[in-house]
Amino acid sequence: MIRALNLDRRYNDTKEEYISYLDDIMERQVPCNGYYTSLVEDSLQNITGRKHALLTNTGSIALLLSLFVNKIGKGDEIITTNYSSPASLAYILVAGATPIFCDVDHTGNMIVDTLESLLTDNTKAIVGTGLYGDMYNHTVISSFAIKHSLVYINDAAQSMFSKWEGKDSLACGDIVAMSHAENKPLPALGQGGSILTDDTDTYNKLIYLRKNGKPYRKAPYSRFGVNGVIDDDKAASILVSLNKFSEWQKRRKYICDYYDSEFDSRGISSRKHSPEWNTHKYAILFPNKWEAEEEIKLLGVETETQYADCLGQDMPGSMYMVNSSLTIPSNPYMTDVEVETVVKVVDKVWKKQNI
Ligand SMILES: Cc1ncc(COP(=O)(O)O)c(C=O)c1O
């Protein structure tokens, strides 16, 4: 089976470095929120140019804290995408706020010219969600947030390090939430998340919110919070990914460029992406993705049905993506032969659906 992730190959390639970090963590005897957590936070701060970076145990918790820190909850409305991971909805509901859904276009990204119609007196925030490795329209979302005094949250779980008109996605938004889950561009071995902000007051509050309202033994217990701290072995695995990132990106770009040229020349519809995307997920837009998924699996290729349903209502753009968009493997550990096989398999199934 040609795998979506090839986690085993990734582990074999990186385990020497990773295990040396594990040994070090055990010597330091601080297994969570320790040395590697600080090291990765410093790196993220330097790489992104944001003033503060804070690791969390998941991207979902990073998003939840971004609401808590802005005191957004019951009675507040948040404009968000209608098509994404369930995590893009769950944290809004957990915070007690009301999601207001925005449809997506055939790239899976938010249709921003409908935003004004989604606004009410209760709107407190807008979440920009970039899917598949593309950035959403930051120019419109940013000016919409400024015009209506909304908190602008950038859910960069999938769009990290892509660009919007030359600007890095991680430089966009009042607050950025990233996921480092194992299928993301900058993965942990397991789960992880992070938050970026330039606002020091926000950062200081997040430190409390991330650790049940009391980050240090002698800190005054003054605020509520959750246990959102990350294990240091997960932070260390993110460090490994940071060290590998350029190499992985080069290989992913090579694979995706190859897919682009092959699928274009064969008349196969792939999801259109920006030249400044981060190559996170390569999707084919099948007439019937559910049948395609089954047939491709029988031919030995693992695919991902991003996504199987809408988050809110059945809206036309979201439903199109639900029924069409199937992600094929594009991970940096695929061999050239596997990449070639994926093209042939997709071609075969595509032809069957398009006769
Ligand atoms: C767009 C988006 N936002 C948020 C998340 C949540 O991240 P995590 O799985 O780390 O909680 C994900 C993860 O799939 C995601 O794709």
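Annotations for the structure displayed:
- Cross-link partners of K352 among aspartates and glutamates (Cα-Cα below 14 Å; sequence separation of 8 or more within a chain): E291, E293, E294, E295
- Only lysines eight or more places from K15 in sequence, or on another chain, were considered; those with a Cα closer than 20 Å are K184, K234, K244.
- 11 Å beta-carbon shell around W164, net charge (K/R +1, D/E -1): -2
- For segment 245-353, averaging the sequence separation of C-alpha pairs within contact (under 8 Å, six or more residues apart) and dividing by the residue count gives a relative contact order of 33 percent.
- Highest mobility in the GNM of the chain, judged by mean-square fluctuation with C-alpha springs under 10 Å and restricted to V322, V140, V240, is found for V140.
- The C-alpha atoms of segment 283-355 occupy a region whose extents along the principal axes are 41, 31, 17 Å, arranged from largest to smallest.
- Highest-first packing order for the peptide set 311-319, 216-224 is 311-319, 216-224, based on the mean count of other beta carbon atoms within 10 Å.
- Cα-only Debye scattering, segment 7-240: base-10 log of I(q)/I(0) at q = 0.10 Å⁻¹: -0.45
- Residues T200 and I47, FRET efficiency given R0 of 25 Å [Cβ-Cβ distance, rounded to 0.05]: 0.85
- Expressed to the nearest 5 percent, the antiparallel share of DSSP beta bridges inside the chain is 55 percent.
- Contour minus Cα-Cα distance for D121 and I19 (0.36 nm per residue): 31.5 nm
- DSSP beta bridges in segment 81-224 [antiparallel fraction, %, rounded to 5]: 45
- Y282 sits among other residues whose Cβ lies under 12 Å from its own Cβ, and their net charge, with Lys and Arg +1 and Asp and Glu -1, is 0.
- Helical mean residue ellipticity (222 nm; -39500 (n - 2.57) per DSSP H run of 4+; nearest 500) of the chain: -13500 deg cm²/dmol
- For segment 190-285, relative contact order (Cα pairs under 8 Å, six or more residues apart, normalised by length) works out to 17 percent.
- Remark on I175: its backbone amide H falls under 5 Å from those of Y152, N154, a criterion applied only to residues 5 or more positions apart or on other chains, H modelled at 1.01 Å from N.
- The chain: most fluctuating residue of I19, I296, I141 per GNM, C-alpha cutoff 10 Å: I19
- Here the extension length gained between D257 and F245 equals 2.5 nm, from 0.36 nm per residue of separation less the Cα-Cα distance.
- Cross-link pairs beyond the 21 Å C-alpha cut-off, checked among K253/K297; K71/K124; K289/K344; K124/K205: K253/K297
- Ellipsoid semi-axes in whole angstrom, largest first, where each is sqrt(5λ) of the Cα gyration tensor of segment 151-225: 27, 17, 8
- When the Gaussian network model of the chain links Cα atoms closer than 10 Å, the mean-square fluctuations of D260, D336, D233 top out at D336.
- Normalised by the number of residues in the chain, the average gap of Cα pairs under 8 Å and 6 or more apart makes the relative contact order 22 percent.
No lab work stands behind these numbers, since they all come straight from the coordinates. Remember, it's a predicted structure, so these values are computed and weren't measured experimentally. All Cβ positions, glycine included, derive from the backbone under ideal geometry; neighbour counts span all protein chains shown.
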